[in-house]
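Here is the structure we will look at.
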Amino acid sequence: MLNIPSLKNKKCLIGKNPHHVAVIMDGNGRWAEKKGKMRVVGHQEGLKAVKKVVKFAFIKKLKILTLYAFSSENWKRSELEIKALIKLFLFALNSEIHNLTKYNIRLKIIGNLKHFNKDFQHCVQKAEEITLKNSGLLLNIAINYGGRWDIIQGIKKIFNRIQQKKLKLEKINENMFSQYLSTGNSLPVDLVIRTGGEKRISNFLLWQIAYSELYFTDVLWPDFNQYIFQDAINFFISRNRRFGG
Ligand code: IPE
Ligand code: IPE
Ligand code: MG
(Lines give C-alpha, C1' and ligand atoms only; values in the text may rest on other atoms or scores of the structure.)
(Ligands and ions follow the chains in the order given, each with its own letter.)
Protein backbone atom coordinates (compact mmCIF):
# COMPACT_ATOMS: atom_id res chain seq x y z
CA MET A 1 0.00 0.00 0.00
CA LEU A 2 1.18 3.52 -0.75
CA ASN A 3 2.14 5.58 2.28
CA ILE A 4 0.54 8.96 1.56
CA PRO A 5 1.76 11.74 3.87
CA SER A 6 -1.04 13.63 5.57
CA LEU A 7 -1.73 17.12 4.21
CA LYS A 8 -3.51 18.16 7.39
CA ASN A 9 -0.47 19.82 8.89
CA LYS A 10 0.79 21.53 5.75
CA LYS A 11 0.59 25.26 6.35
CA CYS A 12 0.21 26.70 2.84
CA LEU A 13 -0.39 30.32 3.97
CA ILE A 14 -2.64 30.93 0.94
CA GLY A 15 -3.47 34.65 0.84
CA LYS A 16 -1.67 35.19 4.14
CA ASN A 17 1.49 36.99 5.18
CA PRO A 18 4.63 34.85 5.22
CA HIS A 19 5.82 33.61 8.59
CA HIS A 20 9.51 33.43 7.75
CA VAL A 21 11.19 35.92 5.40
CA ALA A 22 14.87 35.68 4.45
CA VAL A 23 16.68 38.57 2.79
CA ILE A 24 19.85 38.69 0.68
CA MET A 25 20.80 42.31 1.29
CA ASP A 26 22.81 43.03 -1.85
CA GLY A 27 23.90 46.23 -3.60
CA ASN A 28 25.57 48.33 -0.90
CA GLY A 29 28.82 48.67 -2.87
CA ARG A 30 27.13 49.68 -6.13
CA TRP A 31 24.91 52.14 -4.26
CA ALA A 32 28.02 53.90 -2.92
CA GLU A 33 29.96 53.69 -6.20
CA LYS A 34 27.06 55.32 -8.06
CA LYS A 35 27.34 58.24 -5.68
CA GLY A 36 31.13 58.40 -6.01
CA LYS A 37 31.58 57.22 -2.42
CA MET A 38 33.59 54.47 -0.76
CA ARG A 39 31.89 51.04 -0.58
CA VAL A 40 31.95 51.31 3.21
CA VAL A 41 29.51 54.23 2.98
CA GLY A 42 27.13 51.88 1.18
CA HIS A 43 27.35 49.43 4.07
CA GLN A 44 26.66 52.23 6.57
CA GLU A 45 23.55 53.21 4.60
CA GLY A 46 22.67 49.53 4.38
CA LEU A 47 22.46 49.42 8.17
CA LYS A 48 19.70 52.07 8.05
CA ALA A 49 17.74 49.79 5.69
CA VAL A 50 18.25 46.89 8.13
CA LYS A 51 16.63 48.94 10.89
CA LYS A 52 13.69 49.73 8.58
CA VAL A 53 13.05 46.09 7.69
CA VAL A 54 13.28 44.89 11.28
CA LYS A 55 10.76 47.54 12.30
CA PHE A 56 8.46 46.55 9.44
CA ALA A 57 8.77 42.85 10.26
CA PHE A 58 7.79 43.72 13.82
CA ILE A 59 4.78 45.78 12.68
CA LYS A 60 3.65 43.03 10.27
CA LYS A 61 4.04 40.49 13.09
CA LEU A 62 6.30 38.18 11.08
CA LYS A 63 7.58 35.27 13.10
CA ILE A 64 11.10 35.03 11.68
CA LEU A 65 13.32 37.41 9.71
CA THR A 66 16.66 36.03 8.50
CA LEU A 67 19.15 38.54 7.10
CA TYR A 68 22.27 37.64 5.10
CA ALA A 69 24.93 40.05 6.32
CA PHE A 70 28.23 38.35 5.47
CA SER A 71 28.76 35.20 3.44
CA SER A 72 31.50 32.61 3.83
CA GLU A 73 32.72 33.84 0.43
CA ASN A 74 32.85 37.52 1.44
CA TRP A 75 36.34 36.94 2.95
CA LYS A 76 37.53 37.35 -0.66
CA ARG A 77 36.99 41.12 -0.27
CA SER A 78 39.64 43.66 0.68
CA GLU A 79 40.85 43.71 4.28
CA LEU A 80 39.64 47.30 4.55
CA GLU A 81 36.07 46.36 3.60
CA ILE A 82 36.01 43.25 5.82
CA LYS A 83 37.27 45.21 8.83
CA ALA A 84 34.71 47.95 8.22
CA LEU A 85 31.91 45.38 7.99
CA ILE A 86 32.93 43.71 11.25
CA LYS A 87 33.18 47.09 12.99
CA LEU A 88 29.77 48.11 11.69
CA PHE A 89 28.24 44.82 12.84
CA LEU A 90 29.63 45.24 16.38
CA PHE A 91 28.47 48.86 16.47
CA ALA A 92 24.94 47.83 15.44
CA LEU A 93 24.94 45.00 17.98
CA ASN A 94 25.81 47.39 20.81
CA SER A 95 23.62 50.29 19.80
CA GLU A 96 20.49 48.32 18.87
CA ILE A 97 20.33 45.76 21.66
CA HIS A 98 18.05 47.95 23.79
CA ASN A 99 15.63 48.33 20.86
CA LEU A 100 15.51 44.58 20.35
CA THR A 101 14.55 44.10 23.97
CA LYS A 102 12.05 46.95 23.81
CA TYR A 103 10.27 45.31 20.87
CA ASN A 104 10.48 41.78 22.30
CA ILE A 105 12.77 40.63 19.47
CA ARG A 106 15.03 37.64 19.94
CA LEU A 107 18.41 37.79 18.22
CA LYS A 108 20.25 34.77 16.87
CA ILE A 109 23.47 34.91 14.94
CA ILE A 110 23.89 32.06 12.49
CA GLY A 111 27.13 31.14 10.73
CA ASN A 112 30.59 29.86 11.46
CA LEU A 113 31.73 32.12 14.31
CA LYS A 114 34.94 30.17 14.93
CA HIS A 115 36.67 32.42 12.39
CA PHE A 116 36.18 35.46 14.63
CA ASN A 117 38.19 36.38 17.70
CA LYS A 118 37.06 35.73 21.29
CA ASP A 119 35.90 39.34 21.84
CA PHE A 120 33.62 39.13 18.84
CA GLN A 121 32.23 35.77 19.94
CA HIS A 122 31.68 37.17 23.44
CA CYS A 123 29.70 40.17 22.12
CA VAL A 124 27.50 37.86 20.05
CA GLN A 125 26.92 35.52 22.98
CA LYS A 126 26.02 38.44 25.28
CA ALA A 127 23.54 39.92 22.79
CA GLU A 128 21.90 36.55 22.25
CA GLU A 129 21.64 35.99 26.00
CA ILE A 130 20.07 39.40 26.63
CA THR A 131 17.31 38.72 24.11
CA LEU A 132 16.94 34.98 24.75
CA LYS A 133 13.62 35.22 26.59
CA ASN A 134 12.01 37.59 24.09
CA SER A 135 9.03 35.90 22.50
CA GLY A 136 8.21 38.15 19.53
CA LEU A 137 10.05 38.26 16.21
CA LEU A 138 13.06 35.95 15.86
CA LEU A 139 15.79 37.89 14.07
CA ASN A 140 18.47 35.66 12.55
CA ILE A 141 21.56 37.45 11.28
CA ALA A 142 23.78 35.33 9.05
CA ILE A 143 27.47 36.14 9.49
CA ASN A 144 30.22 34.09 7.86
CA TYR A 145 27.33 31.96 6.73
CA GLY A 146 27.24 29.49 3.87
CA GLY A 147 24.39 27.13 3.05
CA ARG A 148 26.85 24.35 2.26
CA TRP A 149 28.68 24.93 5.56
CA ASP A 150 25.33 24.75 7.36
CA ILE A 151 24.51 21.34 5.87
CA ILE A 152 27.99 19.97 6.62
CA GLN A 153 28.00 21.19 10.23
CA GLY A 154 24.58 19.51 10.64
CA ILE A 155 25.95 16.23 9.25
CA LYS A 156 28.93 16.42 11.64
CA LYS A 157 26.65 16.91 14.65
CA ILE A 158 24.51 13.94 13.58
CA PHE A 159 27.60 11.82 12.99
CA ASN A 160 28.84 12.65 16.50
CA ARG A 161 25.55 11.61 18.05
CA ILE A 162 25.58 8.35 16.11
CA GLN A 163 29.16 7.68 17.28
CA GLN A 164 28.10 8.31 20.87
CA LYS A 165 25.23 5.88 20.29
CA LYS A 166 22.70 8.61 21.12
CA LEU A 167 21.11 8.41 17.69
CA LYS A 168 20.24 5.59 15.32
CA LEU A 169 20.84 5.91 11.59
CA GLU A 170 17.25 4.81 10.89
CA LYS A 171 15.95 7.82 12.84
CA ILE A 172 17.37 10.32 10.37
CA ASN A 173 14.71 11.95 8.26
CA GLU A 174 14.15 15.39 6.72
CA ASN A 175 12.36 16.79 9.76
CA MET A 176 15.02 15.80 12.26
CA PHE A 177 17.86 16.81 9.94
CA SER A 178 16.44 20.37 9.80
CA GLN A 179 16.87 20.59 13.56
CA TYR A 180 20.62 20.16 13.20
CA LEU A 181 20.92 23.13 10.87
CA SER A 182 21.83 26.54 12.27
CA THR A 183 18.21 27.67 11.93
CA GLY A 184 17.27 24.78 14.22
CA ASN A 185 13.71 23.86 14.82
CA SER A 186 12.33 26.95 13.10
CA LEU A 187 9.66 27.35 10.45
CA PRO A 188 10.76 26.89 6.83
CA VAL A 189 11.49 30.03 4.81
CA ASP A 190 8.33 31.18 3.03
CA LEU A 191 9.80 34.08 1.10
CA VAL A 192 13.32 34.98 -0.03
CA ILE A 193 13.92 38.57 -1.09
CA ARG A 194 17.10 39.53 -2.95
CA THR A 195 17.91 43.16 -3.71
CA GLY A 196 20.60 44.44 -6.07
CA GLY A 197 19.39 42.82 -9.29
CA GLU A 198 21.25 39.49 -9.21
CA LYS A 199 19.08 36.41 -9.54
CA ARG A 200 21.03 33.90 -7.53
CA ILE A 201 21.15 32.47 -4.03
CA SER A 202 24.90 32.99 -3.38
CA ASN A 203 25.15 30.09 -0.90
CA PHE A 204 22.47 31.49 1.42
CA LEU A 205 20.08 29.05 3.12
CA LEU A 206 19.98 26.07 0.75
CA TRP A 207 18.07 23.31 2.53
CA GLN A 208 15.70 25.80 4.17
CA ILE A 209 14.53 27.41 0.91
CA ALA A 210 13.55 24.21 -0.91
CA TYR A 211 9.97 25.50 -1.34
CA SER A 212 10.35 29.24 -0.73
CA GLU A 213 8.90 31.85 -3.03
CA LEU A 214 11.67 33.98 -4.56
CA TYR A 215 11.37 37.76 -5.00
CA PHE A 216 14.10 39.63 -6.86
CA THR A 217 14.31 43.39 -7.15
CA ASP A 218 16.81 45.72 -8.84
CA VAL A 219 16.56 48.11 -5.88
CA LEU A 220 19.95 48.40 -4.18
CA TRP A 221 19.88 47.45 -0.51
CA PRO A 222 20.37 50.96 0.99
CA ASP A 223 17.26 52.08 -0.97
CA PHE A 224 15.13 49.22 0.36
CA ASN A 225 12.21 50.31 2.53
CA GLN A 226 8.85 49.24 3.93
CA TYR A 227 7.02 49.88 0.63
CA ILE A 228 9.26 47.49 -1.32
CA PHE A 229 9.01 45.02 1.56
CA GLN A 230 5.22 45.25 1.26
CA ASP A 231 5.49 44.69 -2.53
CA ALA A 232 7.43 41.51 -1.82
CA ILE A 233 4.81 40.39 0.69
CA ASN A 234 2.04 41.14 -1.83
CA PHE A 235 3.93 39.06 -4.39
CA PHE A 236 4.08 36.22 -1.84
CA ILE A 237 0.37 36.50 -1.07
CA SER A 238 -0.46 36.24 -4.79
CA ARG A 239 1.49 33.01 -5.31
CA ASN A 240 -0.25 29.68 -5.67
CA ARG A 241 1.91 27.40 -3.55
CA ARG A 242 1.38 23.84 -4.68
CA PHE A 243 4.28 22.07 -2.96
CA GLY A 244 4.28 19.62 -5.82
CA GLY A 245 0.61 18.80 -5.35
C1 IPE B 1 25.92 43.37 0.12
O2 IPE B 1 26.31 44.40 -0.71
C3 IPE B 1 26.61 43.42 1.47
C4 IPE B 1 27.59 42.35 1.67
C5 IPE B 1 27.81 41.38 0.85
C6 IPE B 1 28.37 42.42 2.88
P7 IPE B 1 27.60 44.27 -1.63
O8 IPE B 1 28.78 44.75 -0.84
O9 IPE B 1 27.73 42.91 -2.18
O10 IPE B 1 27.26 45.31 -2.76
P11 IPE B 1 27.52 45.14 -4.31
O12 IPE B 1 26.83 43.87 -4.73
O13 IPE B 1 28.99 45.09 -4.53
O14 IPE B 1 26.88 46.34 -4.91
C1 IPE C 1 25.54 37.85 -1.09
O2 IPE C 1 25.99 38.96 -1.80
C3 IPE C 1 26.01 37.91 0.32
C4 IPE C 1 25.35 38.92 1.17
C5 IPE C 1 24.39 39.72 0.80
C6 IPE C 1 25.82 38.96 2.52
P7 IPE C 1 27.33 38.92 -2.63
O8 IPE C 1 27.48 40.26 -3.27
O9 IPE C 1 28.45 38.45 -1.79
O10 IPE C 1 27.01 37.80 -3.70
P11 IPE C 1 27.56 37.59 -5.18
O12 IPE C 1 29.06 37.73 -5.12
O13 IPE C 1 26.93 38.65 -6.04
O14 IPE C 1 27.08 36.23 -5.56
MG1 MG D 1 27.04 42.05 -3.89
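Please compute the modelled spin-label separation between E198 and E128, points set 7 Å along Cα→Cβ, answer in nm with one decimal.
The answer from the label model is 2.6 nm.
Taking the Cα centre of the chain as origin, sum charge times position over the Cβ atoms of Lys and Arg (+1) and Asp and Glu (-1), and report the length of that vector in debye to the nearest 20.
I would put it at about 620 debye.
Please work out whether the chain counts as rounded, prolate or oblate from its C-alpha gyration tensor, where a ≥ b ≥ c are the square roots of the eigenvalues and a/c under 1.5 means rounded, while otherwise a/b larger than b/c means prolate and anything else oblate?
oblate
Between K168 and D231, what is the FRET efficiency for a Förster distance of 41 Å, r being their Cβ-Cβ separation, to the nearest 0.05?
0.30
Relative contact order for segment 78-146: what is it in percent, counting Cα pairs under 8 Å that are at least 6 residues apart?
42
Between R148 and N160, 0.36 nm times their residue separation minus their Cα-Cα distance comes to what?
2.5 nm
Ordering V124, V40 by accessible area with a probe of 1.4 Å, largest first, what comes out?
From most exposed to least exposed: V40, V124.
I need to check one value: relative contact order of segment 128-203, counting alpha carbon pairs closer than 8 Å and at least 6 residues apart, in percent.
About 31 percent, as a whole number.
Convert each backbone phi in segment 129-134 into a coupling constant with the Karplus relation 6.51 cos²θ - 1.76 cosθ + 1.60 (shift: θ = phi - 60°), then list the ³J(HN,Hα) values in order as whole Hz, x for Gly and Pro.
Per residue, the Karplus-derived 3J(HN,Hα) values read 5, 4, 9, 3, 8, 5 Hz.
Treating the beta-carbon of each Lys and Arg as +1 and of each Asp and Glu as -1, no other charges, what is the dipole magnitude of segment 131-224 about its Cα centre, to the nearest 20 debye?
Computed about the Cα centre, the dipole is about 760 debye.
Got a sec? What order do F229, F159, F58, F235 fall in by accessible area at 1.4 Å, biggest, i.e. largest, first?
F159, F58, F235, F229
The values are calculated or read from the model by the stated rules, or taken from the named source; none is laboratory data. Predicted model, so just to flag it, every value in this text is computed and none were measured. Note that we place each Cβ from the backbone using ideal geometry, even for glycine, and neighbour counts take in every protein chain shown. We work out accessible area using only protein heavy atoms, side chains counted, and drop any ligands, DNA or RNA first. Shrake-Rupley method; radii C 1.70, N 1.55, O 1.52, S 1.80 Å.
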